[in-house]
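Inspection log for the structure reproduced underneath, given as structure tokens.
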Amino acid sequence: MNELPFSDEPSPAPRAPRVRSVTEVTQEVRELLESGIGIVWVEGEISNYRKQSSGHQYFTLKDSQCQLACVLFARQGQWRKAVALSDGMHVQLRGTITVYEARGQYQLSVQIVQPAGAGLLQAKFEALKRKLDAEGLFDKARKKPIPAFPTLVALVTSPTGAALRDMLNILARRAPWLRLMISPVRVQGEGAAREIAAAIAQLNESPQNRLPRPDVIVLARGGGSAEDLWQFNEELLARAMAASDIPVISAVGHEIDFTIADFVADLRAPTPSAAAEMIVPAVEELLRRVSLLETRTRRCLLVCLERYRNRVGSLARSALFSEPRRRLDEAAQRIDALGDALSYEVRARIEMRAQRVTHLLGALRQHRPDQVLGLSRQRLFALARQLGECARQRLKERRQRMGRVAEMVRLLAPETALARGFSITTLRDGTIVDSVHDTPPGTPIRTRVRDGTLDSTVSSTTRRES
């Protein structure tokens with residue numbers, strides 16, 4: 001066992017730890033939670049729900065293992081009104097993790113409340129809506145018009161639902177002559193969308209199935225939750241509606257409910273009852289319109305009869321009926337005058353055409369190929385003679401000019417100047433001396449005369465004053 005070395009020096013005093021208050025520690029924890037976690041989405045079941053007189057709501061969100069204290073302040077009332085909270089409710093919450101400092105308890109300050117599963121359904125709804133919209137299934141250009149007076153209407157709905165009873169009552173009251181074809185399907189639950197799509201396809205193939213072809217198809221269902229109406233948001237049903245050659249009316253849910261079927265349909269009705277009223281006008285309205293058209297038709301007939309009666313009276317009082325012989329004579333005279341004018345015009349036109357033909361014949365004789373070729377040949381010979389004469393004249397002028405230039409070259413040649421007694425003085429390198437400054441004393445020079453050259457050295461130079 002090793003012994004510690006013995007020392008007489010005292011050991012240093014321990015450093016005192018920093019002591020924080022509960023408030024400081026709680027505030028640090030709060031800052032860490034709010035900055036480290038911040039806004040989150042949490043899903044769970046509500047328990048211990050209570051609502052204070054101030055409007056604030058307190059509850060616990062729990063799952064099978066843990067729980068989380070939550071508070072929904074009154075200032076978030078817009079979310080509170082959208083969803084009524086209660087114990088046992090399964091919800092999704094969006095909020096901020098914070099600390100209630102008075103108790104030292106962390107909690108979720110709730111901002112948004114929605115039923116569990118609603119967020120996923122809404123996301124699927126928006127994704128399918130964007131996809132089909134990009135493919136043009138919602139374009140108004142592809143929507144088919146609804147017939148104003150259909151004779152056969154197909155109702156695709158549940159045979160036991162209240163929507164069917166409401167529509168039958170309204171249609172029987174407004175249009176008792178209308179024929180109805182009911183196509184029973186499920187409008188809720190797994191596989192309902194496939195049944196509805198098959199019914200739409202079958203109605204479009206009615207002639208092959210020896211069934212009458214409906215003028216319009218009504219897809220109807222009463223109100224319900226988003227989950228209840230979800231079958232009308234299936235892509236299979238949307239494409240079946242878009243492929244239908246028969247106009248389709250969507251009457252699903254209440255006025256505030258919107259499904260993919262509403263956007264694809266040729267016409268959307270806020271409720272099944274509203275769809276029944278939109279299909280056909282009421283009997284009273286039709287009778288009123290018929291009465292109005294009858295009144296307008298009677299008024300138009302009376303006006304037309306009065307107009308024709310006045311016209312017949314005017315014709316009866318005209319000279320055509322009072323003096324028929326004179327009218328016939330005047331017509332005969334006009335016919336004779338028109339005949340003379342026509343004969344004169346025909347003769348004038350014939351004479352004009354004859355003169356034109358004569359003129360064209362003269363022009364044709366002047367442009368006969370043999371005469372045109374003869375004239376062209378004569379012009380060609382004349383041009384050839386002119387060309388030869390011009391060439392000879394140009395050659396003569398060039399020869400005379402060359403003679404004059406040669407004489408000038410001969411007269412200006414150095415040999416000619418030397419023959420007349422002149423000389424040319426150059427340096428030894430051949431540079432011509434044209435100034436006394438170029439030949440200082442002692443400079444060797446060469447002088448060329450008519451019959452040879454003379455080499456010499458400059459002894460002195462004399463500059464001539466100008």
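Residue pairs whose Cβ atoms lie under 7 Å apart, separated by 6 or more positions or on different chains, with the first residue in the range 52-65 and within 17 Å of Gln111 (Cα to Cα) and the second in a loop (DSSP other than H, G, I, E, B), are His56/Phe73; Gln57/Leu85; Phe59/Leu85. Of all residues in the range 178-203 being at pLDDT 90 or above and of a type in the set (D, E, K, R), which is surrounded by the fewest Cβ atoms within 10 Å (Cβ to Cβ)? Selected residue: Arg179. Enumerate the pairs (first residue in the range 265-293 and more than 23 Å from Gly253 (Cα to Cα) and modelled with pLDDT of 90 or more; second residue anywhere and buried (at least 20 other Cβ atoms within 10 Å of the Cβ) and among the small types (Gly, Ala, Ser)) with beta-carbon separation below 9 Å, excluding pairs fewer than 6 apart on the same chain, so at least 6 apart or on different chains. Nothing qualifies. When the range 410-449 is filtered for residues that are in a helix (DSSP H, G or I) and over 17 Å from Thr461 (Cβ atoms), the ones remaining, listed by number, are Arg410, Leu411, Leu412, Pro414, Glu415, Thr416, Ala417, Leu418, Ala419. Close contacts from the range 129-154, counting a first residue that is among the hydroxyl-bearing types (Ser, Thr, Tyr) and a second that is surrounded by 15 or more Cβ atoms within 10 Å (Cβ to Cβ), with Cβ to Cβ under 8 Å and a gap of 6+ residues or different chains, come to Thr151/Leu178; Thr151/Asp215. Going by the conditions given, is Asp329 modelled with pLDDT under 90, surrounded by 10 or more Cβ atoms within 10 Å (Cβ to Cβ), out of contact with any Phe, Trp or Tyr (no Cβ under 6 Å at 6 or more places or on another chain) and part of a helix (DSSP H, G or I)? Considered against the rule, which asks whether it is modelled with pLDDT under 90, surrounded by 10 or more Cβ atoms within 10 Å (Cβ to Cβ), out of contact with any Phe, Trp or Tyr (no Cβ under 6 Å at 6 or more places or on another chain) and part of a helix (DSSP H, G or I), Asp329 comes out as yes.
When you look at Ala275, is it closer than 30 Å to Lys143 by Cα, assigned to a helix (DSSP H, G or I) and not charged (D, E, K, R), yes or no?
Yes; evaluated as a whole, the condition is true for this residue.
For the residues Glu195, Glu277, Glu234, the requirement of being closer than 24 Å to Lys131 by Cα, of a type in the set (D, E, K, R), assigned by TED's automatic domain parsing to the domain that holds Asp166 and over 37 Å from the mean Cα position of the chain (by Cα) singles out Glu195. Checking the range 233-243 against the condition returns no match, with no residue being at pLDDT below 90, in a helix (DSSP H, G or I) and crowded, with 24+ Cβ neighbours inside 10 Å. Could you say whether any residue in the range 197-220 is touching a Phe, Trp or Tyr at 6+ places or on another chain (Cβ under 9 Å) and over 19 Å from Phe149 (Cα atoms)? The answer is no; no qualifying residue exists.
Of the residues examined, Ala226 is one that is of a type in the set (A, V, I, L, M), surrounded by 15 or more Cβ atoms within 10 Å (Cβ to Cβ), assigned to a loop (DSSP other than H, G, I, E, B) and under 38 Å from the mean Cα position of the chain (by Cα). Gln67: modelled with pLDDT of 85 or more, more than 53 Å from the chain's Cα centre (by Cα), surrounded by 10 or more Cβ atoms within 10 Å (Cβ to Cβ) and polar (S, T, N, Q), yes or no? Considered against the rule, which asks whether it is modelled with pLDDT of 85 or more, more than 53 Å from the chain's Cα centre (by Cα), surrounded by 10 or more Cβ atoms within 10 Å (Cβ to Cβ) and polar (S, T, N, Q), Gln67 comes out as yes.
The values are calculated or read from the model by the stated rules, or taken from the named source; none is laboratory data. On a predicted model such as this, the values are computed, not experimentally measured, just so you know. So basically every Cβ, Gly included, is an ideal-geometry build from the backbone, and we count neighbours across all protein chains shown.
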